[in-house]
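The values are calculated or read from the model by the stated rules, or taken from the named source; none is laboratory data. None of these values were measured; they are calculated from a predicted model. All Cβ positions, even for glycine, are placed from backbone atoms using ideal geometry, and neighbour counts span all protein chains on display. Only protein heavy atoms, including side chains, enter the accessible area calculation; ligands, DNA and RNA are left aside. Shrake-Rupley method; radii C 1.70, N 1.55, O 1.52, S 1.80 Å.
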Amino acid sequence: MRADLGRRARRLTHGDHDRAEELLSRTALKAFLYICQFSERVRDAEGFLFLVLNHTFLDSARRHTREEKVIDPYVDLDTDSIHAMASSAPSPLQALLMQEELEQVRQALMQLSDAQRMLFQLKFEEERPYSEIAAAFGISEALARKRVELLRKKLHALLPQRRVH
């Protein structure tokens, strides 16, 4: 039966011998673990092993797809990280503009009531969920959401609009 499973594994991996062997190893391990727990449930061992092989292949294909989305194999980590760090530093003009914007936000926050500043701190500085915010104020979650929405509108009105050049 190993020969049949090996042929199926090589077919699934498009002839890649190493990936097929890895697939067979994972299949054997998964089948072993399942049989150790539920030995009385396996009636057709050959069908069971082919089913486990197919599921193991699907798991590895999904994992490979997820990794491709996250890991770019064409990135040279040594040079790209240096360039990213160098390009992420703001220019003196950008730093000055950010400082001015932060000062404007600080001044807008000073115009808020104590309760509104506390709401700002909980939601935007501490990033608390609405359930915790509601508990802190002794209100419902819906009311907490509404108060955050009103706070956003008030801050938007207090802050000067940014000009894009």
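What to note about this one:
- The chain - convex hull of the alpha-carbon atoms, volume per residue in Å³: 244 Å³
- Only protein atoms count toward the accessible area here, which uses a 1.4 Å probe; on the chain, the carbon and sulfur part of that area reaches 57 percent.
- Rounded accessible area per residue of the chain, 1.4 Å, Å²: 78 Å²
- Where GluC sites (Glu not before Pro) in DSSP loops with at most 11 other Cβ within 10 Å are excluded, longest remaining stretch of the chain: 1-125
- Rounded to whole Hz, the Karplus (6.51, -1.76, 1.60) HN-Hα couplings of the range 132-141, x for glycine and proline: 6, 5, 4, 5, 5, 9, x, 10, 6, 4
- Cross-link reach is defined here as a Cα-Cα straight distance under 18 Å, omitting same-chain residues fewer than 8 places apart; for K123 the aspartates and glutamates meeting it are D114, E132, E141, E149.
- Here I35 sits with roughly 70 square angstrom of accessible surface, probe radius 1.4 Å.
- Longest stretch of the chain clear of exposed loop sites (trypsin sites (Lys or Arg not before Pro), DSSP loop, at most 11 other Cβ atoms within 10 Å, sites excluded): 44-161.
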